[in-house]
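Quick notes on the structure that follows.
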Amino acid sequence: MGETKEFKAESKRLLEMMINSIYTHKEIFLRELISNASDAMDKLYFKSMSDGNGEAVTRSDMEIKLDAQKDARTLTISDNGIGMTAEELENNLGTIAQSGSLAFKKENENAEDVDIIGQFGVGFYSAFMVAKKVTVISKAYDSDKAFMWQSEGVDGYTISEAEKDGHGTTITLEIKDNTDEENYDEFLTPYKIKELVRKYSDYIRYPIKMDVEHERLREGTGVDGKEPEYDKEIVTETLNSMIPVWKKSKSELKDEDYNQFYKDKFYDYSDPLLHIHTKTEGAATYSALLYVPSKAPYDYYTKSFEKGLQLYSGGVMIMEKCGDLLPDYFSFVKGLVDSEDLSLNISREMLQHDRQLKVIAKSIEKSIKNELKKLQKNDRAKYEKFFETFGTQIKYGIYESYGMNKDELSDLLMFKTSNGGMTTLEEYVSRMKDGQQYIYFASGSSVSRIESLPQTELVRDKGFEILYLTDHVDEFCLQMMHDYDGKEYKSVSADDLELGSEEENKEIQKEQDDNKALFDFMTEKLSGKVKAVKLSHRLKNHPVCITSEGNLSVEMEKVLSAMPNGEGAKAEKVLEINPNHAIFEKLKSLFENDKDKAAEYAEILYDQALLIEGMPIEDPVGFSNKVCKFLA
Ligand code: ADP
């Protein structure tokens with residue numbers, strides 16, 4: 001045993017901090033140690049290439065081995081990389097925040113085909129989050145002496161001579177005992193180890209191998225009524241897939257490859273609807289592999305859903321869900337981004353809110369939008385399926401940003417239309433008739449309900465196409481957008497529809513003025529419910545309808561009042577009466593001869609209009625009684 005050397009005082013504190021607070025997940029220790037092993041092999045590869053004896057070491061011989069011994073409570077990570085001399089052990093592992101890898105990277109800036117990961121000089125110590133004792137035995141390449149570094153944490157470390165076959169490093173962790181809060185045992189189980197490798201280190205370019213015990217049915221048993229018996233056998237498994245699919249060129253990959261990768265990686269049973277594979281250089285250098293799922297995840301519309309893309313740096317996963325990479329309106333997109341340009345913070349778990357990430361996010365947003373537009377153009381049926389699944393999200397994106405994103409998003413929108421099927425706004429506008437000023441829309445819970453709305457009659461009769469808004473957010477979204485291509489949206493229920501000829505309008509106005517007393521009377525009887533009672537310019541066959549003045553439509557009131565705290569939202573309603581309907585004559589005569597009855601008529605007509613609109617009536621029993629009175 002060599003003499004025990006103390007960590008320098010500040011190192012002690014630093015180590016304590018390391019062990020207790022830098023990382024939020026203890027499990028990343030394995031990622032850090034595997035990354036170090038990968039670095040060590042990259043360095044050896046580079047060294048042998050630059051020494052000109054490239055044949056002495058071949059990359060294909062290099063591997064990382066994991067070994068878990070449950071009874072001894074040890075987990076060992078070995079590599080046959082460049083190894084460390086006694087002096088290097090001292091410098092690299094005895095000094096926290098000393099990174100031999102960073103120094104290497106700086107010295108060999110133009111080293112090709114090596115992806116050195118280390119840079120902070122702290123990752124190694126994450127081992128102490130799970131281990132009570134760490135033993136490192138290392139033999140440097142080109143040296144015939146091996147050394148052992150050993151430490152139980154803050155109190156210091158020892159370095160002594162040791163025995164080791166071949167160059168490289170073996171790190172043995174003596175895993176801590178379970179506590180009430182922490183299950184350390186799991187780091188000794190093949191299941192957990194495999195999971196961690198797949199999660200964080202799947203794309204390390206060297207194989208990560210582990211001997212795993214399998215049970216095999218002994219031949220001749222388990223058949224013909226014989227009890228099954230099993231033999232144990234040890235199989236060496238390679239735990240990582242090594243080659244990042246997204247680094248391959250597109251021409252090498254078929255749809256099936258992309259789909260399979262998606263299903264494996266994102267635990268979906270169905271193929272994705274769309275994949276987007278991009279490699280970008282310039283302002284931001286990154287590769288991305290993005291997917292639009294074919295179905296919304298089961299928790300998509302719950303609070304627990306978290307948007308985000310996986311973030312890799314140099315093939316190592318540093319963040320499982322980076323929310324900053326996706327705008328909310330594309331929150332359904334799954335996938336990953338790999339970039340070497342990111343400035344990582346010391347724990348490599350979070351990124352500093354860096355500029356680069358923002359540039360990447362912008363660029364990703366653009367490619368998603370472009371690919372969706374392409375799909376809309378080239379495969380309409382698929383796009384409509386997409387929109388049915390995720391369109392609401394995009395509409396919310398416009399609504400929630402007060403229309404600020406409308407230029408980005410309005411071309412992705414689709415609406416049902418009186419022409420049948422779905423339409424984009426661009427298509428609608430291209431079909432607008434000469435002199436048509438507005439993009440007309442009508443709201444309701446379903447197409448058939450909307451089609452039976454009295455308000456749609458006249459607009460359709462004039463030959464104008466109507467967008468059918470069946471989604472709650474639709475009308476809010478249109479209101480936020482205000483216009484498309486300079487064409488304003490207009491509800492068929494708006495009070496200023498301006499569709500009649502001047503002559504017709506004059507006639508109705510005259511009729512209205514002549515019967516002012518009747519309308520004032522009805523308005524008073526319906527006070528608190530409607531703002532006004534008027535003769536209608538738009539009704540053809542129906543007796544009455546409800547329209548609204550101002551920004552809040554009847555449909556919006558319906559949506560808002562279904563929301564918590566939304567009861568106060570009230571549309572300014574107008575009861576419109578069809579001047580050509582027999583009911584109008586009846587009202588006039590009742591107003592002359594029987595005011596009480598006229599008042600009852602007003603109430604019934606108002607309730608009827610609400611029913612047609614799909615709105616609840618305030619007093620259903622009262623309504624029913626009134627109707628019965630007339631029926632009896
Ligand atoms: P980083 O990897 O960020 O540099 P670490 O604390 O993980 O920081 O490691 C410190 C240094 O120790 C590394 O830079 C490297 O020089 C050396 N080192 C760690 N693990 C190994 C290994 N398996 N083989 C060779 N050198 C290693």
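The values are calculated or read from the model by the stated rules, or taken from the named source; none is laboratory data. Given the structure is predicted, the values throughout are model-derived calculations rather than measurements. As a convention, Cβ positions derive from the backbone with ideal geometry for all residues, glycine included, and neighbour counts pool all protein chains shown. To get the accessible areas, we keep the full protein, side chains included, count just its heavy atoms, and leave off ligands, DNA and RNA. Shrake-Rupley method; radii C 1.70, N 1.55, O 1.52, S 1.80 Å.
Just a few scattered comments:
- In the stretch 592-613, the residues that are open to solvent by less than 30 Å² (accessible area, probe 1.4 Å) and out of contact with any Cys (no Cβ under 6 Å at 6 or more places or on another chain): ALA598, ALA599, ALA602, ILE604, LEU605, TYR606, ASP607, LEU610, GLU613
- Any chance VAL459 is closer than 22 Å to LEU535 by Cα and hydrophobic (A, V, I, L, M, F, W, C): yes
- Complete set of residues in the stretch 336-359 that are open to solvent by 40 Å² or more (accessible area, probe 1.4 Å), under 18 Å from GLY121 (Cβ atoms) and modelled with pLDDT of 70 or more: SER343
- Note on the stretch 33-49: residues that are within 7 Å of the ligand (Cβ to nearest atom) and open to solvent by 40 Å² or more (accessible area, probe 1.4 Å) total 1.
- Every residue from the stretch 202-223 that is of a type in the set (D, E, K, R) and open to solvent by less than 90 Å² (accessible area, probe 1.4 Å): ASP202, ARG205, LYS209, ASP211
- Restricting attention to the stretch 86-142, the residues that are of a type in the set (Phe, Trp, Tyr) and more than 8 Å from the ligand (Cβ to nearest atom) add up to 2.
- Qualifying residue in the stretch 149-162 (condition: within 10 Å of the ligand (Cβ to nearest atom), under 44 Å from the mean Cα position of the chain (by Cα), open to solvent by 50 Å² or more (accessible area, probe 1.4 Å) and modelled with pLDDT under 95): no
- When GLY52 is tested against the conditions (1) farther than 25 Å from VAL197 by Cα; (2) open to solvent by less than 60 Å² (accessible area, probe 1.4 Å), the lone failure is (2).
- Entry remark, the stretch 390-426: residues being touching a residue at least 40 places away in the same chain (Cβ under 8 Å), open to solvent by 50 Å² or more (accessible area, probe 1.4 Å) and over 21 Å from VAL292 (Cα atoms) number 6 in total.
- Scanning the stretch 164-209 for residues that are part of a loop (DSSP other than H, G, I, E, B), closer than 23 Å to ASP115 by Cα and touching a helix residue (DSSP H, G or I) at 6+ places or on another chain (Cβ under 6 Å) returns SER201, ILE204, TYR206.
- Within the stretch 60-77, the residues that satisfy the criterion of being more than 16 Å from the ligand (Cβ to nearest atom) and among the basic types (Lys, Arg) are LYS70, ARG73.
- Of all residues in the stretch 264-296 being charged (D, E, K, R) and within 18 Å of PHE386 (Cα to Cα), the one that is least open to solvent (accessible area, probe 1.4 Å): ASP268
- Residue within the stretch 332-346 that is more than 20 Å from the chain's Cα centre (by Cα) and among the basic types (Lys, Arg) present: no
- Filter result for the condition that a residue is closer than 30 Å to GLU340 by Cα, in contact (Cβ under 8 Å) with a residue 60 or more places away in the chain and over 28 Å from the mean Cα position of the chain (by Cα), over PRO244, PRO207: PRO207
- Residue tally, condition open to solvent by 100 Å² or more (accessible area, probe 1.4 Å) and out of contact with any Asp or Glu (no Cβ under 9 Å at 6 or more places or on another chain), over the stretch 224-242: 3
- Only residues that are touching a residue at least 12 places away in the same chain (Cβ under 8 Å) and over 23 Å from ALA103 (Cα atoms) were counted in the stretch 22-63, giving 8.
Here is a yes/no grid of residues against (1) in contact with a Pro (Cβ under 6 Å, 6 or more places away or on another chain); (2) under 18 Å from ASP165 (Cα atoms); (3) free of Cβ contacts under 8 Å to residues at least 60 places away in the same chain; (4) open to solvent by 20 Å² or more (accessible area, probe 1.4 Å):
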residue	(1), (2), (3), (4)
THR74	no, no, no, yes
ALA86	no, yes, no, yes
LEU89	no, yes, no, no
GLY100	no, no, yes, yes
GLU107	no, no, yes, yes
GLU112	no, no, yes, yes
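- Meets criteria (within 13 Å of the ligand (Cβ to nearest atom) and open to solvent by 60 Å² or more (accessible area, probe 1.4 Å)) for ASN80: no
- Residues located in the stretch 507-531, provided they are under 18 Å from ASP496 (Cβ atoms), of a type in the set (A, V, I, L, M, F, W, C) and open to solvent by 20 Å² or more (accessible area, probe 1.4 Å): ILE508
- LEU575 fulfils the conditions (1) in the same structural domain as LYS626 (by TED's automatic domain parsing); (2) in contact with a Lys or Arg (Cβ under 7 Å, 6 or more places away or on another chain) except for a single criterion, (2).
- Test: residue in the stretch 486-499 that is buried (at least 21 other Cβ atoms within 10 Å of the Cβ), among the small types (Gly, Ala, Ser) and in contact with a helix residue (DSSP H, G or I) (Cβ under 7 Å, 6 or more places away or on another chain): yes
- Of residues in the stretch 532-572 being open to solvent by 80 Å² or more (accessible area, probe 1.4 Å) and of a type in the set (Lys, Arg), the one nearest to SER443 (Cα to Cα): LYS570
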